[in-house]
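Colleague: Please find one structure pasted underneath; my questions will follow.
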Amino acid sequence: DYAEFAALPADSEEQQAAITPIRDLDGFNWGYDPFHFMAPEGSYATNPDGAQRILEYRQMVAAVNQAGLRFVQDVVFNHTNASGQEARSVLDRVVPGYYHRLDTTGQVTSSTCCENTATEHNMMRKLMVDSVVLWAREYKVDGFRFDLMGHHMLEDMKAVRAALDGLTLEKDGVDGKKIYIYGEGWNFGEVAGNARGVNAVQHNIGGTGIGVFNDRLRDAVRGGNPFGDPREQGFATGLLYEPNSNEFRDGDQQKWKLFDYTDWTRIGMAGNLREFGIIRGNGDLVPARLVLYNGSAAGYTEDPQENIVYVSAHDNETLWDSIQLKAAPGTSLAERVRMNNIALSTVMFSQGIPFFHAGDDLLRSKSLDRNSYNSGDWFNKIDWTYQSNNWGVGLPGEGRERWDIFRPLLANPSLKAGEQEITFSAAVFREYLQIRKSSPLFRLHTAEDIQTSLSYLNVGPQQIPGLIVLHLRDTKNYDPAYNEIVVLINASPNTIRISDGHFANQDFELHPVQQGSVDERLKLAVFDGESGTFTVPGRTTAIFVLAGPPTIPAALPALGLLAGMAGLAALLTFWLDKKA
C-alpha cells in the first residue's frame, strides 16, 4: 500500500521489509535471465502468450522510430537462466556440456552470477550472431547493448559487427553499418586477463568501433569506485575544497588525488584516446595510455565512438544518491544540485557517446538503493510531475551494513529536493543538450579530428585544482557558426579567473543558450577580451564561443598535441578569488 508507505518516516526500515517477501515475484523486474534468445521480452506485451508478444514489440520499435528516436536493445548472451536438467535449461539439453563454459572440474562457471555461456565455441557464437541479425532485420532494432561484454571473446564481437555490416537496405531492409553496438567491458571471472582467449574488455577494444563503458571518468567525477567507501569524494563532489569527515586528511594529498581525477576526466572528455597527450600535475607530458587508473591504462580507445562516457547507470547508486553520500554535511541543497549539474556537464561535453541514466536530469534518487532490480516501483519510480525525486522513501534493502551512514541522511529534511530544485536541474540539462547539439565540434568523428581540434588549458604543476578548461578549434570547417569554443568546468565553490595570451583581443561571448539561462549565476561568467581573461563562478560550467573567420591557421599543429600543449601551458596565468 503506497499510501501507507508514504506515511512512514524517510529513514524507516518498514518499506523494504514489506517488499522483501515479494520482491522476486514481480513480473516487471529487470530482465536478466535469458530463456529463449530470439523471443522478445514478454513484460512489454499486453498478452505475453502468443503472437501478440511479437507484434507489439515490433509496434513498439516502430513507434519509437516514428517519434524520431533510435531504439537500443539490451542483450544478455553471456549466461542463461539455468543449465543441465533444470526446468529452464535449454541449450544443455540440445548438446550437453557444449554451450556453457566449464571449469577444470567440469562444472559450469557462474562468474556472471548465472550459468556462463561459451561464445568462443562456434555454435554458441553463431547463436549470438544469428539472434542479433534477426533483431536487426525483423524488428529494426538500431543498436545493441551487450551485458557483461567482457565475458565474450573479441572475435565473438567482431563476428557480430561483421554480420551487421553485411545487412543492406536492398537485401535486408536495414543498413547494418548504421547499427551501433556497445557493452560492459569489465575484466573479471574465468576470462580475466585473456585466460580463455582475447576477450572484449576495455584494453582490447581499441580499433573495433565497438563502444565500452568508461568507468575512469565516472569514478573521477563522483570519487572512489563502486566497491569502496561510498563517501569518497571526487572532482564534482567537494574533494579538497569541502572535504567530508571521511575524506579529511592532508590537503596536499587531496590536491594530488584531485589532479589525478582531473586528468582521468580530461582524458575521458577527449574520447579516452590512447594516444591523446596530457600534461600531468607533475609536469610530465605523456599519452593517455601511460596514465594509470587503478593499475590499468586510463586511455584505451582508438576512436571516439568506442567511448561510452557516463557518471551514472542502473547499477550502483544514482548520481544524486552518490552526491548525497559524498558532499560535506554543511553543503547546501542548492550546491548539491550544482554538483549534479557539474557532473552531467563532463559527460555532455565529452567526445564520444554520452550516456545518461534515466532521471539524471531530475536528481533521481532510489533512496540509496544501489541494486534495485527487484525493489519494485517504490524504490525505482520516477515522478514526471517533478514534485519529488524519490529521495527519503525508506532505507534500502541492499546495504544494511551501511544503514548507520544512510539513516541521518535520509532523515534530514534539508536534503530533500522539491519541484524548484528538480525543475532547475532539468532546465540546465536541456540547455546542455542544446549546446552540444549546436556544434559538431562536440561530436568529432575520428581520433585525428580530436588530436587536431581539442586541447586543454590549466594543466601542469601550476594548475588551479578543480578547474577544467577545454578548448575546441574548428580546424576543418565543420562548424558554420563557431570557430572556437572554450568549455570551463569550475567544480570548486570559488570564482575563478584564468587568462591566456592566445585569447587576448578576441571576441568570445557566452554561448547564446547560456545568455538566457535559468541559472542566474551564469550572469557572473564573463570574458575580458583585452586581457584574454575568463571569469567563471563557483560550481558552474560556462561555454564561450567565438564566431567569425578563423584566428589560427588550420595547418598549425594542434594544441592538443604535446608540443602545442607545452607552449600553451607556459603562457598560463591565473588568479583565484577566495570569495564563494
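Colleague: Which distance in nm do the two modelled labels at Glu14 and Ala427 give, with both placed 7 Å along the Cα-to-Cβ direction?
Modeller: Between Glu14 and Ala427, the label points sit 3.8 nm apart.
Colleague: Related question: Just to be sure I understand the model, the point goes 7 Å from the Cα along the line to the Cβ. What's the resulting Arg400 to Tyr98 distance in nm?
Modeller: 4.5 nm
Colleague: Using the per-residue mean of other Cβ atoms lying within 10 Å as a proxy for protection, in what order, highest first, do the peptides 83-94, 222-233 fall?
Modeller: The peptides rank, most packed first, as 222-233, 83-94.
Colleague: Restricted to Cα positions, what overall size does segment 266-408 have along the principal axes? Three whole-Å values, descending.
Modeller: Extents along the principal axes, in whole Å: 48, 29, 29.
Colleague: Based on the alpha-carbon gyration tensor of segment 41-132 and its eigenvalue square roots a ≥ b ≥ c, which shape applies: rounded if a/c is under 1.5, prolate if not and a/b is larger than b/c, or oblate?
Modeller: prolate
Colleague: Something else: For segment 251-298, what Kirkwood radius comes out of the mean inverse Cα-Cα distance, in Å?
Modeller: It is 10.7 Å.
Colleague: First compute the accessible area of the chain with a 1.4 Å probe, then give the percent of it belonging to carbon and sulfur atoms.
Modeller: Accessible surface attributable to carbon and sulfur in the chain totals 54 percent.
Colleague: Would you mind checking the tilt of helix 154-165 against the longest principal axis of the Cα atoms of the chain, expressed as 0 to 90 degrees and rounded to 10?
Modeller: With rounding to tens, the tilt is 90 degrees.
Colleague: Let me ask you something else. Quick check on segment 257-326: take the gyration tensor over C-alpha atoms, sort the square-rooted eigenvalues as a ≥ b ≥ c, and tell me if it's rounded (a/c under 1.5), prolate or oblate.
Modeller: It is oblate, given that a/c is not under 1.5 and a/b is not larger than b/c.
Colleague: Compute the separation of the alpha-carbon centres of segment 47-92 and segment 148-215 and state it in Å as a whole number.
Modeller: Result: 20 Å between the Cα centres.
Colleague: Kindly identify segment 363-494 as rounded, prolate or oblate by the Cα gyration tensor criterion: order the square roots of the eigenvalues as a ≥ b ≥ c, call it rounded if a/c is under 1.5, otherwise compare a/b with b/c, prolate if a/b is larger, else oblate.
Modeller: Here segment 363-494 falls in the prolate category.
Colleague: With a 1.4 Å probe and all protein chains kept in place, how do Leu240, Leu217 rank by accessible area, largest first?
Modeller: Highest to lowest solvent-accessible surface, that is Leu240, Leu217.
Colleague: Calculate, for segment 151-286, the solvent-accessible area per residue in square angstrom, rolling a 1.4 angstrom probe over the heavy atoms of the protein chains.
Modeller: 35 Å²
Colleague: In addition: Okay, helix-only estimate at 222 nm for the chain: each DSSP H run of n ≥ 4 adds -39500 (n - 2.57), divide by all residues, round to 500 deg cm²/dmol; what do you get?
Modeller: Only helices count here, giving -8500 deg cm²/dmol.
Colleague: Roughly what angle does helix 333-348 make with the longest principal axis of the chain, taking Cα atoms, 0 to 90 degrees, to the nearest 10?
Modeller: 80 degrees
Colleague: Next question. Could you give the alpha-carbon Rg of segment 313-368 over 2.2 N^0.38 Å, rounded to two decimals?
Modeller: Here the Cα radius of gyration is 1.13 times the empirical estimate.
Colleague: Would you mind working out the magnitude of the charge dipole of the chain relative to its Cα centre, with +1 at each Lys and Arg C-beta and -1 at each Asp and Glu C-beta, to the nearest 20 Debye?
Modeller: Charge dipole of the chain: 780 debye, to the nearest 20.
Colleague: Of Glu448, Glu115, which has the most accessible area with a 1.4 Å probe, and how do the rest follow in descending order?
Modeller: Per-residue accessible area, sorted high to low, gives Glu448, Glu115.
Colleague: If you don't mind, another one. In what sequence, highest mean first, do 316-324, 415-423 appear when ranked by Cβ atoms within 10 angstrom?
Modeller: Most protected by this proxy first, the peptides run 316-324, 415-423.
The values are calculated or read from the model by the stated rules, or taken from the named source; none is laboratory data. It should be emphasised that the depicted structure is a prediction, and the values quoted were computed from it without experimental measurement. No Cβ is skipped: glycine too gets one built from the backbone with ideal geometry, and neighbour counts run over all protein chains shown. Just the protein is used for accessible areas: all its heavy atoms, side chains included, with ligands, DNA and RNA removed. Shrake-Rupley method; radii C 1.70, N 1.55, O 1.52, S 1.80 Å.
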